Structure formats: C-alpha cells, structure tokens
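Have a look at the structure below before the remarks.
The values are calculated or read from the model by the stated rules, or taken from the named source; none is laboratory data. Treat the numbers as computed from the prediction; the structure is a model and nothing was measured. Every residue, glycine among them, receives a Cβ derived from its backbone with ideal geometry; neighbour counts consider all protein chains shown.
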Amino acid sequence: MNKNTSINLVAVPSFAFSLSFTSKIWQVALDAGTGYMVLELRNEDTQEVKYQLLDLKSLKDKKPFEIPEADWWTTVLRFYHPFLLLERYNDPQNPLSKDLLVYDTLSLSLNHVLTDFQFIQMEGGELMGHVPGDQSNEQRWSLGSRTEPLAGSNVRYPVYYAPGSEYYTLVKEFLGMEEAPVGFEYDEYGKNIIISYYERLGTKFDRKLLVMQGDVELYHEVVDTGLNGYASGSFFSFNNLLVFVQNGNQIHAIEL
C-alpha cells in the first residue's frame with residue numbers, strides 16, 4: 001500500500017449479483033466450505049422473520065423460507081450446510097434462558113432443539129457448548145452427516161485497524177483523510193485493496209466502501225448511514241467475489 005491522496009482512474013464494477021429486500025438484513029451466515037449463505041431478514045414493523053438461502057458458487061438464490069420454531073427473539077449463529085444454527089431466547093429478561101435450534105435447510109424442517117445450550121464451536125462434527133452461565137457443565141451434540149468445513153475454502157475477512165495503530169496511520173494517509181476517529185477495515189485480495197472507512201456526519205457516521213484495482217477506483221460508495229460508531233463485518237471476500245451489505249436491505253457481490 002502506497003500513499004495515494006489523489007485517485008483519478010475510475011472503472012465500472014462488474015456485479016455478480018445485487019439483491020434488494022423489503023426487510024432488513026439482520027445477520028449473514030456463510031458456510032465457507034460450500035459457499036452457501038443464509039440471510040436473516042427482519043421486518044421491524046410486523047416483527048416477521050424470514051430467511052434467504054444463496055449459493056455463492058452458482059450465484060443462485062432459493063425461495064425465502066420461514067422457521068415456525070423461531071421467533072423475534074431468535075437469531076442466526078452459524079451455518080454448516082445444510083444445518084443452520086439459531087440461538088433462541090426463551091425469556092427476553094433473562095439472557096441465560098436460551099436454546100440452540102438446528103434447522104435443516106434442505107428438508108426445510110427442524111432437525112433438533114438443544115435446550116439450555118450455549119454454543120461455542122464445532123469440532124470433529126460435534127457441536128460443543130455448555131449450560132448457559134455454567135462453563136464447567138460442558139455439552140456436546142453430533143451434527144451427523146455434516147462434519148467440518150471443506151478444505152480449500154477461500155474466504156477472507158478484513159482486518160480492523162484501530163485509531164493510533166501503525167497501519168491505521170498508513171491507511172489514513174493513503175485515503176488522504178485528516179480525521180478518522182473510528183478506524184478502518186482493510187484487506188488486500190490479489191491486486192485489489194478494499195477499505196471500509198467512516199466519515200463524520202454531525203453526531204453520526206456514514207460508512208463508505210472503497211475498492212481499488214491497482215490505481216483504478218473500481219467502487220467507492222456510501223454503504224451505511226447514521227451509524228453511532230464502528231460496526232464490524234462490513235464486507236468479506238469469497239473466491240473472486242467481494243460481498244457486502246448496503247443500506248441494511250441490499251446485498252451485492254462485485255467480481256474481483
């Protein structure tokens with residue numbers, strides 16, 4: 001990364017897909033081995049929750065589905081295709097009262113409910129966790145036919161550079177910014193430099209995404225508005241795709 005305060009060359013990005021929803025994209029869960037991804041879609045007016053399955057390899061999307069056992073207090077945790085893990089809070093006033101739902105996205109049916117289960121990780125085909133609030137009380141459950149993420153998965157997540165760090169200063173100089181109080185998410189993918197950064201707007205922040213291919217500006221747009229501060233997970237790269245959410249209800253994939 002070289003210091004660059006004037007970016008003049010601009011190209012038109014090629015979008016592998018660009019999808020918009022009437023509901024807010026609340027969570028995104030990717031199975032890095034298979035390239036399948038689930039979006040958790042929430043309508044805050046009606047308190048309806050739906051889910052959308054996407055295939056980043058074939059670039060096909062499936063029909064949205066609902067999970068009857070999941071309510072407004074249930075949220076997506078992980079996706080090990082075809083099994084979607086969701087955390088369900090049984091009492092909004094008690095964060096320790098929770099279950100883990102295992103949902104099969106192929107049969108569109110609930111596979112299992114693990115009561116009083118705090119999920120930690122998957123290891124050797126087993127879901128590992130403990131009783132909420134009691135780490136000494138370990139629990140395990142076999143996920144069955146789906147074991148570990150497939151080898152050779154090509155997914156990358158950005159690195160966060162906090163204010164005051166050495167690389168934070170380099171990125172700030174590269175962008176030619178005088179003020180950057182929130183920090184940056186940064187990644188280099190082949191010849192591409194990808195930076196998520198923030199601009200102050202009164203007491204709030206706009207988040208922008210910049211994608212450079214060499215000296216060419218491929219994409220440079222506002223992707224979030226009215227943020228209170230830094231929010232992680234602004235983008236990730238899978239194979240040759242840069243995937244990111246814009247305005248809370250759109251998901252895009254730019255070909256790198």
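Against the conditions (1) under 30 Å from I254 (Cα atoms); (2) surrounded by 14 or more Cβ atoms within 10 Å (Cβ to Cβ), where does E66 fall short? Just the number, please. In the conditions (1) under 30 Å from I254 (Cα atoms); (2) surrounded by 14 or more Cβ atoms within 10 Å (Cβ to Cβ), E66 misses (2) alone. Tallying residues that are in a strand (DSSP E or B) and at pLDDT below 90 within region 123-146 yields 1. On the stretch given as region 43-80, residues that are over 24 Å from T115 (Cα atoms) and in contact with a Lys or Arg (Cβ under 9 Å, 6 or more places away or on another chain) total 7.
For (1) within 24 Å of K60 (Cα to Cα); (2) within 19 Å of the chain's Cα centre (by Cα), each residue gets a yes or a no:
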residue: P163; (1), (2): no, no
residue: E179; (1), (2): no, no
residue: G202; (1), (2): no, no
residue: V211; (1), (2): no, yes
residue: E221; (1), (2): no, yes
residue: T225; (1), (2): no, yes
residue: L242; (1), (2): yes, yes
residue: Q246; (1), (2): yes, yes
residue: L256; (1), (2): yes, yes
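Set side by side, the residues L201, L242, L218, L209 differ, and just one is surrounded by fewer than 18 Cβ atoms within 10 Å (Cβ to Cβ), in contact (Cβ under 8 Å) with a residue 12 or more places away in the chain and aliphatic (A, V, I, L, M), which is L201. Taking P163 as the residue in question, decide whether it is surrounded by 13 or more Cβ atoms within 10 Å (Cβ to Cβ), at pLDDT below 95 and over 24 Å from A32 (Cα atoms). Answer is yes for this residue.
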